[in-house]
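The values are calculated or read from the model by the stated rules, or taken from the named source; none is laboratory data. Keep in mind the model is a prediction, meaning the values are calculated, not measured. All Cβ positions, even for glycine, are placed from backbone atoms using ideal geometry, and neighbour counts span all protein chains on display. Ligands, DNA and RNA are stripped out before the accessible areas are found, and what is left, the full protein with its side chains, is counted by its heavy atoms. Shrake-Rupley method; radii C 1.70, N 1.55, O 1.52, S 1.80 Å.
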Amino acid sequence: MKKVSKAAVIFLGLVTVLNYLPIILTVVYSFNKSKLTSVWEGFSLDWYKMLFNDGDIKKALLNSIILAVLTCMLSLVIGVSAALAMRGKKLIFDDFISGFASLPIMIPEIILGMVFMAIFSYMNLPFGFVTMTIAHSSFCVPYIFLIVRARLMGMDLSLEEAARDLGASEFETFRDVTLPYILPGIASGLLLSFAMSFDDVVISIFTTGPSVNTLAIKIYTKMKTGITPEINALATVILVITVLVIFISERTRKD
Amino acid sequence: MKNKKLNKYLLRIPIYIFTILFVILPLAYMVIISFLTKAKTWGFDFTFTLENYKKVFDPFYLNIFLESVKLALASTVLVTLIGYPFGYFMGRLSERWKRRMMMLLMIPFWTSGLIRLNGWIIIFRSNGVLDKLLMFLGITKTPLKLLYTYPAVLVGMVYFLLPFMILSVYSSVEKMDWSLIEASRDLGASRFESFLTITLRLTMPGLLSGVVLTFVPSMGLFYISDILGGNKIVLIGSVIVEQLTKLRNIPFAAALSVILMLLTIVFLRLYKKVSGTGELEGLF
Amino acid sequence: MTDTILSLENIKKSFDGENVLKNISLDIGRGEFITLLGSSGCGKTTTIRIIAGLESPDSGKVILNGKDITGLAPEKRDVNTVFQNYALFPHMNVEKNIGYGLRLKKKPANEIKKEVEKALSLVQLEGFEKRNPTQLSGGQRQRVAIARAIVNKPSVLLLDEPLGALDLMLRRQMQMELKKLQKALGITFIYITHDQEEALNMSSRIVVMRDGNIEQIGTPSEVYDTPATAFVAEFVGGANLYKNEGKTYAIRSEHVRLGAGDYDGIVIENSFTAGLSKVKVRLKDNQEITSSHMGMNINLNPGDAISIGWDKKDMVEVQGEK
């Protein structure tokens, strides 16, 4: 019964090819000698040389990484503690709070950008890493919270009771049983958060300060002003890193 | 176990503080600003006005809202037409191919959206890859100059949002018990009837959440229309950005955001009602 | 009972206003195999959760080895549990699972290894050290769960319907093994089941529970032959309840003779399964009595008139209604 028709295979293949076409073209054109993306003038590594000598890009990359790490740390603390707290008996405001906490992944990003810009200037927070970390965490917390909560909901309570029964204290139970159980959830939540923070343009534009330029913002401005082959080279580098990360996480998940 | 209870309260503190301070408060603040008057230079005065909302209903902006909704709808329909069969067929592949397909999907999905859009610029730009191909095949004589047009924006939207639909449909196809289809065929349903009465019904949660995950972001994805549409395709997201960054009319931007937010909430409510749950399938 | 190891004194517990345990008092002797028997919701699981410390009673005391442990955390009690669903840690292999309690006690590694091996041989799972719980069958998981508990040499081992998920053949076999194991180890077993046959087979004493109360405590033969209440008579022995002159009597169905001429009635049901023939008769005063016999099916049809009877000595007066 469970077989796939030829037409279905062709359809899957075609969509996948179209899905990859822009990516492949980006990679191909990153080796183009010509400054114009429309003409192919032969193979060259010029754009990569230019990229690796571009101090601005390096700085932006570093900023992006710092920001993503800060966001991951803040979101991890908030999301995991919330998931742990709200697994048992609920308090009156729990549904209200977790409902609002999940809102940032449901509403268009532009609204969040606007909202954060307004409130941060009202609160007189210095625009830069602080504001960006908070803003990015707003859409990373719900992911970590929801993923870890889902994992905890699937967890058999008697596992923890068994640990207590065998002589583990509350902390030892958490360390030996609960944490290992939710670790895959935490890992995928962090990976997702890192990627989303790294890629975010919309919210970053509104919450960035004068001194903090992230890679995503940099790419966005460059793309708006007209594409340069340097962007193709940068895109290729990011792509390679992404593929590596996915590959490694797939590998580790199997073990 | 008294300290367990204490722990439970302590663990709640971060999310309570964060949510109140950085989600609820900002949203409330936005609603308040939307009723205030723009100051002459920068910011706003604390004088109550409905002017901003009146302005939203100005035919010019109303039209932009309409255009945005239309584009979002068009993207959603296209994404559904491609994404549903894709997710469905994917669910029927062998375990091995499922894993491979998943990997193939995840690579672009995890790659920055901007970088993926970059490829479409190469394709669409005047005398770019598409124009060259079409002229080579003799389908067109002159370059189509598709970059900075409506179709380019639509393609960009569909391309950007397709994985969300595929993943949510796939996850509900995965959960489906295939013997139910065998049962329905056994009871006399044709292939098509069986699809309509069993498969479609059982994968509806995935389809619906795919629709939400497509429609909601597409209302605000201003940078796709920005990059692939130039300044020719003006969507509500772009107007908010413009009001904020160029015209410095924060109250009006707030009012536009409130309306957009209301639209989103109505849509989410609708989804909740139709699907019976608030959870989005395939997200986790 | 010479030597009491565990006492429950006036334990009361309610969840959301519902009294799950109404007033439980119980003394358990060293080395006993005691079974809490009752249908689901009778409070038997709550009772052992209170003994394990996983639940705290609203009032009353738990005394272990002469010490009040009512407020003690579960990890500080010299009591271990075999959970109904086994609760094996999915991220640890068999060896790690069994050695978990010993590792927490900071026992040296070679000693742990030895103890784990010993426990595995007791449950006949030698060579399974490196397996993951997911690679085990239901019966094997069961054995690992038992090994994980007994390796800590608790004073009392609590078993919460440990055989509930196994098929009939395996259940029978495990019943025997558990009984042997208990004798070999000399540990007090507190065993939970809703299966009266299991309780009668294994226990040194049975505690029959109903609606948060203890109905009767006694050896299997006491509970079976001289039920104290109507409920025990019906639940444990499947006995008939016969009312006469305001008193209720339990009469075991195998003691009811067909055609004895004492009471007239009509046959309302006749069934024959697994070598046991059961005839249900409605008497003139509308009471229903079942008579059972090993062997041949008896040629009777519903509606047939029949008379039945029993010896006075087989009537046991019981308290309460069903």
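If you roll a 1.4 Å probe over chain B with all protein chains in place, what percent of the accessible area is carbon or sulfur? C and S atoms contribute 68 percent here.
Just to confirm, what accessible area per residue do you get for the range A:58-151 at 1.4 Å probe, in whole Å²?
37
Here the peptides C:284-290, C:222-228, C:135-141 are ranked by packing, the mean other Cβ count within 10 Å, and the order with the highest first is C:222-228, C:135-141, C:284-290. Derived scalar couplings between HN and Hα for the range A:184-191 equal x, x, 4, 4, 6, x, 5, 4 Hz in order, rounded to whole Hz, by the Karplus curve 6.51 cos²θ - 1.76 cosθ + 1.60 (θ = phi - 60°), x for Gly and Pro. Relative to one another, the C-alpha centroids of the range A:91-160 and the range B:69-124 are positioned 26 Å apart. So if the hydrodynamic radius of the range C:80-219 is defined as the Kirkwood radius over C-alpha pairs, what does Stokes-Einstein give as its diffusion coefficient at 25 °C and 0.890 mPa s, in µm² per second? Stokes-Einstein gives a translational diffusion coefficient of 156 µm²/s.
Measuring nothing but how far apart in sequence close Cα pairs (under 8 Å, 6+ apart) lie, relative to its length, the range B:172-283 scores a relative contact order of 28 percent. Remark on C:I11: its backbone amide H falls under 5 Å from those of C:I24, C:S25, C:K61, a criterion applied only to residues 5 or more positions apart or on other chains, H modelled at 1.01 Å from N.
Using the alpha carbon gyration tensor of chain B, what are the three equivalent-ellipsoid semi-axes (square root of 5 times each eigenvalue), largest first, in whole Å?
Details: eigenvalues 278, 202, 68 Å².
Taking √(5λ) for each Cα gyration eigenvalue gives 37, 32, 18 Å.
For C:T188, nonlocal amide neighbours, meaning residues 5 or more places apart or on other chains whose placed amide H falls under 5 Å from its own, are C:G31, C:L157. Peptides A:10-20, C:235-245, ordered by how many other C-beta atoms sit within 10 Å of their residues on average, highest first, read C:235-245, A:10-20.
Consider all pairwise Cα distances in the range C:100-148 and report the whole-number % of them above 12 Å. The calculated P(r) of the range C:100-148 puts 63 percent of pairs beyond 12 Å.
To the nearest hundred square angstrom, how large is the accessible surface buried between A and C, total for both chains, probe 1.4 angstrom? Buried: approximately 1700 Å² between C and A.
On a per residue basis, the convex hull of the C-alpha atoms belonging to the range A:141-236 measures out at 136 Å³.
Axis of helix A:215-224 versus longest Cα principal axis of chain A: the two differ by about 40°, to the nearest ten degrees. Would you mind counting up the charge near C:E32? Only other residues with Cβ under 14 Å from its Cβ, with Lys and Arg at +1 and Asp and Glu at -1. That works out to +2. In the range A:207-223, burial by the other protein chains removes 10 Å² or more of 1.4 Å probe accessible surface, compared with the chain on its own, from A:I219, A:Y220, A:M223. Note on chain C: with neighbouring protein chains present and a 1.4 Å probe, carbon and sulfur make up 48 percent of its accessible heavy-atom surface. The HN-Hα couplings worked out from phi for the range A:107-115 by the Karplus form 6.51 cos²θ - 1.76 cosθ + 1.60 (θ = phi - 60°) are 9, x, 4, 4, 5, 4, x, 4, 4 Hz, whole numbers, x standing for Gly and Pro. Peptides C:246-257, B:223-234, B:151-162 ranked from most to least packed by the mean count of surrounding Cβ atoms within 10 Å: B:151-162, B:223-234, C:246-257. Here is the interface size for B with A: some 8100 Å² of accessible area buried, both sides summed, with a 1.4 Å probe. Over all orientations, the range B:123-187 has a Cα convex hull whose mean projected area works out to 7.5 square nanometres. Phi angles across the range B:238-250 convert, under the Karplus curve 6.51 cos²θ - 1.76 cosθ + 1.60 with θ = phi - 60°, into 3J(HN,Hα) values of 5, 5, 4, 4, 4, 4, 6, 8, 9, 8, 6, 9, 5 Hz, Gly and Pro given as x.
As a check on your grasp of the helix formula, calculate [θ] at 222 nm for chain C: sum -39500 (n - 2.57) over DSSP H runs of n ≥ 4, divide by the residue count, round to the nearest 500.
Here the helix-only value at 222 nm equals -8000 deg cm²/dmol.
In this structure the amide hydrogen of C:E269, modeled in the peptide plane, comes within under 5 Å of the amide hydrogens of C:K280, none closer than 5 places in sequence on its chain. Shielding of peptide C:81-88 by partners, expressed as the average count of other chain Cβ atoms within 10 Å per residue Cβ, is 5.
Could you tally the net charge around C:S7, taking each other residue with its Cβ under 11 Å from the Cβ of C:S7, Lys/Arg +1 and Asp/Glu -1?
With Lys, Arg at +1 and Asp, Glu at -1, the neighbours total -1.
Helical runs (DSSP H, four residues minimum) scored at -39500 (n - 2.57) apiece and divided by the length of chain B put the mean residue ellipticity at 222 nm at -23000 deg cm²/dmol.
Neighbours of A:S81 by Cβ distance under 12 Å: Lys/Arg scored +1, Asp/Glu scored -1, total +4.
In this structure, the residue pairs whose Cα-Cα separation is over 21 Å, taken from A:K58/A:K218; C:K96/C:K118; A:K89/C:K61; C:K243/C:K280; C:K247/C:K312; B:K38/B:K232, are A:K89/C:K61; B:K38/B:K232. Which value results for Rg/Rh of the protein assembly as shown when Rg is the Cα radius of gyration and Rh the Kirkwood radius based on the inverse mean 1/r? Rounded to two decimals, Rg over Rh is 1.10.
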